[in-house]
């Protein structure tokens, strides 16, 4: 097992592949700029912003049983509930699925989705 987020188990086996790429974690801080009477400014640290993680998931009918079913599982997790994100044994914390973008890449002559790209944006939950 590579990792897990909610119902999604990232793994590679002989018959199933669910992995991700372009993993990006964004962490930033909040500051306030204060104007001082003599014209100079001061910067004040206000705190940390919530972390955000983005990743891409390629779904291909050769490696998952049903592309639409896999998409539906991610859509069901877009419910405001926070899930643990664990990758390679590292616990990144609790995140909720804030944004899910689907790109349907290949559809066969019967309308069956063969290949899709999901872009997922997670936001830290505290």
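Nothing in this text is a laboratory measurement; each read-out follows from the coordinates by a stated rule. What you see is a predicted model, and the numbers here were worked out from it, not measured in a lab. No Cβ is skipped: glycine too gets one built from the backbone with ideal geometry, and neighbour counts run over all protein chains shown.
Just checking, how many residues over the stretch 59-78 are in contact with a strand residue (DSSP E or B) (Cβ under 9 Å, 6 or more places away or on another chain), touching a residue at least 12 places away in the same chain (Cβ under 8 Å) and either in a loop (DSSP other than H, G, I, E, B) or on the phi > 0 side of the Ramachandran plot (or both)?
5
Could you tell me whether the stretch 98-117 includes any residue that is touching a strand residue (DSSP E or B) at 6+ places or on another chain (Cβ under 7 Å), on the phi > 0 side of the Ramachandran plot, in contact (Cβ under 8 Å) with a residue 24 or more places away in the chain and surrounded by 14 or more Cβ atoms within 10 Å (Cβ to Cβ)?
So far as the stretch 98-117 goes, no, none of its residues is touching a strand residue (DSSP E or B) at 6+ places or on another chain (Cβ under 7 Å), on the phi > 0 side of the Ramachandran plot, in contact (Cβ under 8 Å) with a residue 24 or more places away in the chain and surrounded by 14 or more Cβ atoms within 10 Å (Cβ to Cβ).
Got at least one residue in the stretch 39-55 being in contact with a helix residue (DSSP H, G or I) (Cβ under 9 Å, 6 or more places away or on another chain), assigned to a strand (DSSP E or B), under 14 Å from residue 118 (Cβ atoms) and in contact (Cβ under 8 Å) with a residue 24 or more places away in the chain?
no
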